[in-house]
C-alpha cells in the first residue's frame, strides 16, 4: 500500500500489556498530531492491530514515506522502540528519528550516547517542541546537518560526538497562570484523530500534571509540580461526542493523575455532565483526601461506575517519609496527624463508594518504600484485607530517574543498577528488606492477572492456534533450556513478533533460582523485542509433573495456576470422574493415550447434540496432540509457536524431530517443514485417500505409526469434534480476560 509522504509519523509500540499488544492510539501523540496539523504539517499515527515482527513493522511504517518518525517512549516499550528505530535507519538512513515521552525526558543523554539510530530526544510536553522542530527541519528539507538545533528549546541532540541538552521549553510552565491554557491543543476526539469507538481503553484527560509531593513519582517532576486544565466546556464537548456511540460497553477511563485533585472543579464537571444529559460510563483514580461523600454521590449520578484510590502505605511514618500527604520537609517530621487522617479517609471513601454501588472500587499500594520495614509493609497488607474493596494493585517500588527519591536514594540505602552494559535505561533497585516475604492479599490484581497469563501460557504449551493465516515470524517462543545465550536473543529479534510471548521453562526450581537473574540481564542487555517474558519450572508432586510460575516464589502459591502435565488417558479418566482438569495438559506418550483421545472425539460426534454434550460437562483439559485430529488447526501449518531445546534446536511440534538450529531464517524453517510434509504425503499416498480433505496429514503422529494414524482417520470422523473442542476453548478464553485497564 503506497501512501503520500508524511512529515511526521507518530509510533507508539505497546509495552506488552493485555490491551495494547500492537500499535494503538496514544493520547500524547494525538495531541501533537492535532496541534502540528493546525500549522499545515502532514502528521499521522501508525495504527495497527496486526502482529508484526521488527522487520515487517519497519516496512509497514516506511509505507507512509515519513520524513520524521516520532516514538512515544516509556520504560515498558523502550527496547521495542530502539529496535524499530534501528530497522528504520537501515531501510532509510535519511529518516529522522525522534524519541519523546517520560523516558527520553530524563534519559535523553544516555539514549543518544548509546543508540545511534535516534537523532534527537524531545523532553517533557511535546506540542511546542515538535512544532518548532518540524518547522526547522522543513526549512532545510529535512537535512539534519543543516538544522539549527541550538535554537530549539526542549530537545537533546547530537553534535558530532557530543550530546547537547538544550534548555527546557517550559511553554506550559510559563503560561501556568492562564486559565485553561491547554485548550489551545485540539481535542484528539473532536478533531477526529482518535475515533470515538477507541475511547476505551484510550481514555481522555481533563488536566495534565500533578502538584503533589510524592518523592517516588515522576508525574509531578514531568509537570514541574503544576496542573494544566482543560476548560469544563471542552471536557463536556469531548464526553458528549464520545457518548454518541451506539454502545459503550466498558467505562471510559479519565487518565488524569488524580481526577478530583481540585474537588470543586470535579464537582462542576459532574454537574455539567448531568445538565447536558450525557449518558456515559466513566472510571478514574484519585486521592482519598481530595474527595468526600457528597462528591462521590454526584460522581455516581454523573456516570462514574468505578473509582480507584492511591494509598501506598498504611503506616503514617512511611507516608510522611515519601511525601504522600505533605512535603517531608514541612513541619515537624515526627508529627503524623495528617497521615493518620489520610488513612482514615481512605477507609471511609472506599466503604462509601461500595455502599453507593460503584464497581469495581480499588486501591494501590507500594512495597519497598523509603523508611519502610518488613513489619510496616505487612501492616499495609493487613489493612488491605480489612477494606471493603474489589481488588488492589500490589506495586513494588521502582526508582525513576528525575524523582526526588532518585536524587537522594543513597540516603535511604538504595542502590540503583542498570540492567546491562548496553541498556542503561532499564534499572533495578534493592530494598530495605526482603520483599518476597510480603505475600499478596487475596484480592490482588497481580493474582488475577497472573492467572490470565498462566492460562494464556497453557494455550501456548498446548500449541493451540490463534492465527488465522500463515505469517513470516512466530508469535510465541518456548525456551526449553536453563541458560539463555545472546545468540538466541539476536535470532528472536528476527523471528519473534513484537510483544510476542516468551515462555521460559527451567528444568527445576534449583536451576530457576540459579540462572533466572542472569538470563533476565541477558534479555534486557541484548534488547528482546517483547516485555512478555514468563518463567516456569518443573516440580514433581506425588509423582506428577507440575509447571509452576516463578512468580509463585516471590508472591506465593496463589499467584498463578499449577499447570499439570499428565498422560491423556489419565487426565481423561479424571475428567470423566468429575475432577477439575481446567489447568491440565494431556500428552500422548502411549498408544492408549491416543486411543483414549480418539474415543472422546467419537463420543462427541455421536452425541445427539454435541454442543450440549460439552456444555453440560466439566471444562475439558488442553491436549498437546489434539491438532492431529483437526483440519487446518496445527502449529506445523501456521508456525505460530517455536520450541527451543537444550542444544538450540528448533521444533514446532512436541513430538517431531528438529527442523534446524537457532540462527536459521524463518523462511528456511518453513521450507524444511514443507519438504517434510510433501515427503510424508507422497509416501502415504494421501491424494488417493477418501479422507484427504478431512485429514490433518500429521507428519509426526507419535505415539501412533503412520499406518495406525491413517487407519484411525479412515475409521472415525474426528475433525468436527476436535474443532468443536476448540470453539469451547475460545469461549473459555473470554472468561479469563480482565476488563479494567487500571489493573496494569
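Throughout, read-outs are computed from the coordinates displayed, never taken from laboratory work. Just so it is clear, the model here is predicted, and its values are computed rather than measured. So basically every Cβ, Gly included, is an ideal-geometry build from the backbone, and we count neighbours across all protein chains shown.
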Inset, instruction - Please work out whether the range 449-735 counts as rounded, prolate or oblate from its C-alpha gyration tensor, where a ≥ b ≥ c are the square roots of the eigenvalues and a/c under 1.5 means rounded, while otherwise a/b larger than b/c means prolate and anything else oblate? - result: oblate
Legend entry - Sequence of 629, 538 once ranked by neighbouring C-beta atoms within 10 Å, starting from the fewest: 538, 629
Inset, instruction - Please give the peptides 724-734, 288-298 ranked by average Cβ packing (other Cβ atoms within 10 Å per residue), highest first, as a rough proxy for protection. - result: 288-298, 724-734
Inset, instruction - Quick one: order 465, 9, 704 by neighbouring beta-carbon count within 10 Å, fewest to most. - result: 465, 704, 9
Legend entry - Stokes-Einstein D for the chain, Kirkwood Rh over Cα pairs, 25 °C, 0.890 mPa s (µm²/s): 87
Inset, instruction - Rounded to the nearest 500, what is the 222 nm mean residue ellipticity of the chain from helices alone, with -39500 (n - 2.57) per DSSP H run of 4+ residues and division by all residues? - result: -11500 deg cm²/dmol
Legend entry - Three-way shape label, the range 436-485, alpha-carbon gyration tensor, a/c 1.5: oblate
Inset, instruction - Using only the Cα atoms, work out Rg/Rh for the range 174-436, with Rh taken as the Kirkwood radius, to two decimals. - result: 0.98
Inset, instruction - Based on the mean of other Cβ atoms within 10 Å per residue, sort peptides 400-410, 385-395, 304-314 so the most packed one is first. - result: 304-314, 385-395, 400-410
Inset, instruction - Working from Cα positions, state the angle (0 to 90°, nearest 10) between the long axis of helix 706-715 and the longest principal axis of the chain. - result: 90
Legend entry - Sorted by Cβ density within 10 Å, fewest first, the residues 153, 638, 657, 160: 160, 657, 153, 638
Inset, instruction - Compute the Cα gyration tensor for the range 8-169, then decide on rounded, prolate or oblate, letting a ≥ b ≥ c be the square roots of its eigenvalues: rounded whenever a/c is under 1.5, prolate when a/b is larger than b/c in the other cases, and oblate in all that remain. - result: rounded
Legend entry - Stretchable slack from residue 241 to residue 356, in nm (0.36 nm times residue separation minus alpha-carbon distance): 38.7 nm
Inset, instruction - Find, to one decimal place in angstroms, the Kirkwood hydrodynamic radius of the range 536-658, where the mean of 1/r is taken over every pair of different Cα atoms and then inverted. - result: 16.4
Inset, instruction - Give the angle, between 0 and 90 degrees and rounded to the nearest 10, that separates the Cα long axis of helix 232-242 from the longest principal axis of the Cα atoms of the chain. - result: 20
Legend entry - Percent of C-alpha pairs per 10 Å bin, the range 1-93, short to long: 16, 53, 28, 2
Inset, instruction - Could you work out how far helix 719-735 tilts from the main Cα principal axis of the chain, as a 0 to 90 degree angle to the nearest 10? - result: 20
